[in-house]
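A.B. asks: First, the structure itself, so that you have it in front of you.
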Amino acid sequence: MTAVSMAAVQVPDLRDFTLSELTEWIGGFGEPPYRARQIFRWLWKRQIHSISEMTDLPRAFREALVARARLSPLSVVGVQSSRDGTGKLLLRLSDGEEIEAVLIPEARRLTACISSQAGCAMGCRFCLTATMGLHRNLRPAEIAGQVLALASTLAPGEHITHIVLMGMGEPLANYAATEKALQILTAKTGLGFSPRRITVSTVGLVPGIRRLARSDLGVNLAVSLTATTDEVRNDLIPINDRYPLSELLRACREFPLPPRRRMTFEYVLMAGVNDHVEDAHRLVKLLKGIRCKVNLIPLNEAPEIPFHRSSRQRTEAFQKILERAGTIGTIRESRGQDISAACGMLATADRSLDTARSVPYTPECGVEQFGSSLGS
Ligand code: SAH
């Protein structure tokens, strides 16, 4: 490795810093805190691509920054648009790893679904991302940067309104970077997202849930429950062995919820596995006393997944039982299925089908096509 590329590897990516970290870091150069806010605005509001674009910094400081820091924006290598308006980006990281991020337009919402890891180590048997295994954790810049990448594809006047960490990976298994990314996304000086519009989804890592509860982030929590007995959950979600239902639900009960807010439980419905009438009744009992809603997700099928989705009839019957017991249960309409952008369908490694379907990014075809389909 040459001296130059060594330096390039070692200097920090400015987008990895939270505002307070950046303030401290530039303080080391004798720069005052307001300079950190200036830089932060360039990074997250004006979304520049190089440090030399920060034109309101004194030249000497800018040059010092160029030498001591870097920006590594995610490169868009594929854009796909679904018939239903959902858009998926294939993003390449500086070391060549690839991740996916999804934009989901709904009535008055435009939700960014972002990844927290390249791949995933949790091994859930009904999820396609699991087949990749864990490649690596994402850095804060790579998690929060997905929102910038998605926003760059929007037509003028369109804005991302909600963020969900429901892409590839388990956010609470990459806790520190996830927490920093959330601090960055909610910083008023930057993108300024309200934490009530951000949801972290977890497979049920109890220590992570407790840590999130202790943090002052105030984001929403979604828990992928998907089974009502430890026996079935152990089989579907291996981590249940470590954090069984009773412990998981205790951590959920103790999670501080602001007034009028609800926790979400995701429940992926699989025919003959977890969609019995008894499951619905057990689910109601398990969730007693938790202010929550249940998202019933019909399984998205794939050849690699050894399960089938529940019939419409079974799904609606399940929902009725919840409803009658006073538990809010909505059936989540699957989005972006034709481009493998739906829940549990994100996987990049060696899925030749995916690569073949993705559109190479060029300003002419990528963004235009993406933008117009979202606007329609
Ligand atoms: N690891 C976190 C974040 C990923 S969110 C978590 O598990 O919550 C992805 C969501 O899609 C989870 O709720 C997961 O249960 C769901 N999912 C996974 N595979 C699916 C599939 N094949 N069909 C439908 N939903 C699936």
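The values are calculated or read from the model by the stated rules, or taken from the named source; none is laboratory data. All of these numbers come straight from a predicted model, not from anything done at the bench. No Cβ is skipped: glycine too gets one built from the backbone with ideal geometry, and neighbour counts run over all protein chains shown. Quick note on the areas: whole protein, heavy atoms, side chains included, nothing else; ligands and nucleic acids left out. Shrake-Rupley method; radii C 1.70, N 1.55, O 1.52, S 1.80 Å.
A.B. asks: Answer yes or no as to whether Glu100 is farther than 26 Å from Arg211 by Cα, crowded, with 21+ Cβ neighbours inside 10 Å and within 16 Å of the ligand (Cβ to nearest atom).
C.D. replies: yes
A.B. asks: Looking at (1) away from the ligand (no atom under 16 Å from the Cβ); (2) open to solvent by 10 Å² or more (accessible area, probe 1.4 Å); (3) not in a loop (DSSP other than H, G, I, E, B), can you tell me which one His135 breaks?
C.D. replies: With (1) away from the ligand (no atom under 16 Å from the Cβ); (2) open to solvent by 10 Å² or more (accessible area, probe 1.4 Å); (3) not in a loop (DSSP other than H, G, I, E, B) applied to His135, the lone miss is (1).
A.B. asks: If the requirement is being modelled with pLDDT of 95 or more, in a strand (DSSP E or B) and in contact with a Leu (Cβ under 9 Å, 6 or more places away or on another chain), which of these qualifies: Thr111, Thr178?
C.D. replies: Thr111
A.B. asks: Let me ask something additional. Kindly list the number of the only condition in (1) of a type outside the set (Phe, Trp, Tyr); (2) touching a Ser or Thr at 6+ places or on another chain (Cβ under 7 Å); (3) part of a helix (DSSP H, G or I) that fails for Ala341.
C.D. replies: Against the list (1) of a type outside the set (Phe, Trp, Tyr); (2) touching a Ser or Thr at 6+ places or on another chain (Cβ under 7 Å); (3) part of a helix (DSSP H, G or I), Ala341 comes up short only on (3).
A.B. asks: So is Ile290 in a loop (DSSP other than H, G, I, E, B), β-branched (Val, Ile, Thr), at pLDDT 95 or above and surrounded by fewer than 19 Cβ atoms within 10 Å (Cβ to Cβ) or not?
C.D. replies: The answer is yes for Ile290.
A.B. asks: All but one of (1) among the aromatic types (Phe, Trp, Tyr); (2) in contact with an Asp or Glu (Cβ under 7 Å, 6 or more places away or on another chain); (3) within 12 Å of the ligand (Cβ to nearest atom) hold for Phe318; which doesn't?
C.D. replies: Going through (1) among the aromatic types (Phe, Trp, Tyr); (2) in contact with an Asp or Glu (Cβ under 7 Å, 6 or more places away or on another chain); (3) within 12 Å of the ligand (Cβ to nearest atom) one by one, Phe318 breaks only (3).
A.B. asks: Another question, if that's okay. Hey, can you tell me all the residues within the stretch 182-215 that are within 21 Å of Cys120 (Cβ to Cβ), in contact (Cβ under 8 Å) with a residue 60 or more places away in the chain and either hydrophobic (A, V, I, L, M, F, W, C) or in a helix (DSSP H, G or I) (or both)?
C.D. replies: Across the stretch 182-215, the qualifying residue is only Val203.
A.B. asks: Within the stretch 226-238, is even one residue of a type in the set (S, T, N, Q) and on the phi > 0 side of the Ramachandran plot?
C.D. replies: Yes, there is a match, as at least one residue in the stretch 226-238 is of a type in the set (S, T, N, Q) and on the phi > 0 side of the Ramachandran plot.
A.B. asks: Does Thr330 meet the test of being more than 19 Å from Met122 (Cβ to Cβ), within 23 Å of the chain's Cα centre (by Cα) and more than 11 Å from the ligand (Cβ to nearest atom)?
C.D. replies: Against the criterion (more than 19 Å from Met122 (Cβ to Cβ), within 23 Å of the chain's Cα centre (by Cα) and more than 11 Å from the ligand (Cβ to nearest atom)), Thr330 qualifies.
A.B. asks: While we're here: Looking at Gly218, is it more than 10 Å from the ligand (Cβ to nearest atom) and either open to solvent by 40 Å² or more (accessible area, probe 1.4 Å) or in contact (Cβ under 8 Å) with a residue 12 or more places away in the chain (or both)?
C.D. replies: In short, yes.
A.B. asks: Got at least one residue in the stretch 228-249 being more than 22 Å from Thr131 (Cα to Cα), aliphatic (A, V, I, L, M) and more than 16 Å from the ligand (Cβ to nearest atom)?
C.D. replies: Checked against the condition, which is being more than 22 Å from Thr131 (Cα to Cα), aliphatic (A, V, I, L, M) and more than 16 Å from the ligand (Cβ to nearest atom), the stretch 228-249 yields no hits at all.
A.B. asks: Need the failing condition index for Val273 against (1) in contact (Cβ under 8 Å) with a residue 12 or more places away in the chain; (2) open to solvent by 60 Å² or more (accessible area, probe 1.4 Å), just the number.
C.D. replies: (2)
A.B. asks: Considering each residue of the stretch 86-102, count those that are under 29 Å from Asn274 (Cα atoms) and part of a strand (DSSP E or B), and give that number. Don't jump to the end; show me each part of the working.
C.D. replies: Looking only at the stretch 86-102, we keep the residues that are under 29 Å from Asn274 (Cα atoms), and these are 86, 100-102.
So of that shortlist, the ones also part of a strand (DSSP E or B) come out as 100-102.
Here the count works out to 3.
A.B. asks: Run Gly167 past the list (1) more than 13 Å from the ligand (Cβ to nearest atom); (2) farther than 22 Å from Arg242 by Cβ and report the number of the one that doesn't hold.
C.D. replies: (1)
A.B. asks: Taking the stated definitions as given, is Arg83 farther than 25 Å from Thr186 by Cβ, outside any strand (DSSP E or B), within 16 Å of the ligand (Cβ to nearest atom) and of a type in the set (D, E, K, R)?
C.D. replies: On the way: farther than 25 Å from Thr186 by Cβ: yes; outside any strand (DSSP E or B): yes; within 16 Å of the ligand (Cβ to nearest atom): no; of a type in the set (D, E, K, R): yes.
No.
A.B. asks: Which residue out of Arg233, Arg309, Arg242 is surrounded by fewer than 16 Cβ atoms within 10 Å (Cβ to Cβ) and of a type outside the set (A, V, I, L, M)? Outline the logic, then answer.
C.D. replies: Working: Arg233 fails: surrounded by fewer than 16 Cβ atoms within 10 Å (Cβ to Cβ); Arg309 fails: surrounded by fewer than 16 Cβ atoms within 10 Å (Cβ to Cβ).
Of Arg233, Arg309, Arg242, the one residue that is surrounded by fewer than 16 Cβ atoms within 10 Å (Cβ to Cβ) and of a type outside the set (A, V, I, L, M) is Arg242.
A.B. asks: Output the number of the condition that Glu304 fails; it satisfies all remaining conditions of (1) open to solvent by 10 Å² or more (accessible area, probe 1.4 Å); (2) in contact with a strand residue (DSSP E or B) (Cβ under 6 Å, 6 or more places away or on another chain).
C.D. replies: (2)
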